[in-house]
Every structure is written in structure tokens, then in C-alpha cells.
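The values are calculated or read from the model by the stated rules, or taken from the named source; none is laboratory data. This is a predicted model, so every value here is computed, not measured. Neighbour counts are summed over all protein chains in view; Cβ atoms, including those assigned to glycine, are modelled from backbone coordinates with ideal geometry.
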Amino acid sequence: MSSKIKKGLGRGLSSLIGETKVEKRTNKLLLSEIVPNKYQPRKNFDEENLNDLTKSIKERGVIQPIIVRKSSSENLKYEIIAGERRWLAAKKAALHEIPVVVTEADDLKSLEFAIEENVQRHDLNPLEEAQGYKRLIDEFSYDQEKVSKFIGKSRSYITNSLRLLNLPQQVIRLVEEKKITAGHAKILVNLQNAEFIANKIIEKKLSVRQTESFVKIFKNKKNSGSQKLKDPNIKELEDSIIEKIGLNVSIKNNKLNKGTISFSYKDMHQLNKIIEIIKLNY
């Protein structure tokens, strides 16, 4: 017999489960009959917390049943939707069976369950969270707006989260290995020299705030160096224009002799002066 659950694992999960048919009573399954959720965004489980849960289970058993569905890929197996940490701890505690609630859920619902549970409990590191959102987008045709509404976060939060996945694989690996933090990683997004700075963070044991300062200093030095290498003929031309019109100008010229000229102005009077100069010459 089945019914619709209205309350359960928390506000987010219960709302997801609310329209899903589940068996009314709690069952027990052998641990060997259960397989992990293939859509589980969480890749790393804190060993200390897992050991604490194992100790608790040895003393009191598994109090809250895990949620499973029939596996679509393995016959006679059930796939975890929510509660993988309890299942792992039960295995470590040498239990043979575990209480479960069986639900009907497709792949999308399974991924939604897994993300919602972990985000609610702050169990995901930012990279795992971003990878979960990306799977919703890539595999289930979500857009960022839909992800935002589903998870209850702002659109900008989702955008910034996904940007972490643009980091070089070496930097992502350093975060996964906990050699640098997600806070460090956010600073490194879109930096061309992200790997170099990541290694400096480890070498110098920089905090997030120290890393921000280091990046600023590094950028200033890089900009200063590029100015020193500017073609002397271009620099002379810049100085000549500055002297004639009394405004700062920057000329960027590439190897093909193509580039840009930028004028800097501090107020509307200076802007009007630039416009007048252009009008007089054209």
C-alpha cells in the first residue's frame, strides 16, 4: 500500500517527496541489496564525522530510515536517494540490514533529492555543489533561473557557483584534496595564472585574505612590467598626445600594428574637449 508523504526529512526534501508515491511503512533491506546513488554530488565524506555516526549506530542503531528507489541498472537492487552517510556508517558498524523507505523516483527526482539533502545540511563543498547544479543543466535541461528557484538561492549565487568549474583541473584537485580551501578557489576563478598562485598559497600557507592581497600585488607588478616593455615609439607618441591635449591617453598596439587608443577624462568638461578635438579633425 502506498500514500503521499507530506512531511519527512525537512522542508526542502519533504516538498520534493510530497508528490511522490512511497510505501506507507518502513521496511528493512540487507545492506548488500543497496547501491549508492549514481547522482550523489557528494564525493567526500568526512572521516571523523563518519566514525562518530558509526559509534552512534553501534549503540542505538539507525534511527532515521534512508530513502531508496528500485535500481534501474541493477536487478534486485535498491539505489539510495537520501541517507548514503547512514548506509556507509551502518556498513562500518557491521550491521546486516538497515531501515528504508522505498519511493518511486526517476533520475531527475533522484538528483534533486540528493542535491537538496546535502545543500540543506551544508554537506557539500562548493565544487561538489557546483557539479550538482551543472548536472541539472547538462543532463536535465535546467537553466540557471530554474536551478535558482529549485534550490532557493539567487541567480548570481548559481552563476558564481558554476564559475568554480572553470578552474584548471589541477586547482580543482587541490580543493578536493583540501590543500587549498573553496575560499581560495573563488579568488582564482578566471585568473590566467591560477595554478601558479594556488601553489604559492600552499607554499606560503596564505589565508584567504592574504591571497587576495597577493593577487592584487601580483597583478600590479604584472601591469607595471607590461608598461616597461611598451614599444618606445608608442610611448613617445602617447607622451606627445598628452602634451598637446592635456589629457591622459593609452595606446595599445599589437604585432600586426592594430590596436586601440583610450582617452581618460575626469569630468564632462574634459569629455567635451575630447569630442571637440575629434570633430575638428574629422
Checklist entry - What about Lys38, is it modelled with pLDDT under 90, surrounded by fewer than 12 Cβ atoms within 10 Å (Cβ to Cβ) and over 20 Å from His96 (Cβ atoms)? => result no
Checklist entry - Does the range 162-198 hold any residues that are touching a residue at least 12 places away in the same chain (Cβ under 8 Å) and farther than 18 Å from Glu129 by Cα, and which are they? => result Gln170, Lys179, Asn190, Leu191, Asn193, Ala194, Glu195, Ile197, Ala198
Item to check | Unmet requirement for Asp138, which otherwise passes all of (1) surrounded by fewer than 17 Cβ atoms within 10 Å (Cβ to Cβ); (2) touching a strand residue (DSSP E or B) at 6+ places or on another chain (Cβ under 6 Å) | outcome: (2)
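Give the residues of the range 180-208 that are over 13 Å from Asn125 (Cβ atoms) and outside any helix (DSSP H, G or I), sorted by residue number.
Across the range 180-208, the qualifying residues are Val189, Asn190, Leu191, Gln192, Asn193, Lys205, Leu206, Ser207.
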Checklist entry - Out of all the residues in the range 45-76, which are in contact with a Ser or Thr (Cβ under 9 Å, 6 or more places away or on another chain), modelled with pLDDT under 90 and not hydrophobic (A, V, I, L, M, F, W, C)? => result Arg69
Next on the checklist: With the requirement that a residue be at pLDDT below 70 and either touching a strand residue (DSSP E or B) at 6+ places or on another chain (Cβ under 9 Å) or more than 14 Å from Ile277 (Cβ to Cβ) (or both), what does the range 225-244 give you?
Outcome noted: Gly225, Ser226, Gln227, Lys228, Leu229, Lys230
Item to check | Residues within the range 145-163 that are buried (at least 17 other Cβ atoms within 10 Å of the Cβ) and closer than 22 Å to Lys186 by Cα, tallied | outcome: 6
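Yes/no per residue for (1) of a type in the set (Gly, Ala, Ser); (2) out of contact with any helix residue (DSSP H, G or I) (no Cβ under 7 Å at 6 or more places or on another chain); (3) assigned by TED's automatic domain parsing to the domain that holds Thr211:
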| site | (1), (2), (3) |
| --- | --- |
| Asp138 | no, yes, no |
| Ser154 | yes, no, no |
| Arg173 | no, yes, yes |
| Ile180 | no, no, yes |
| Ala194 | yes, no, yes |
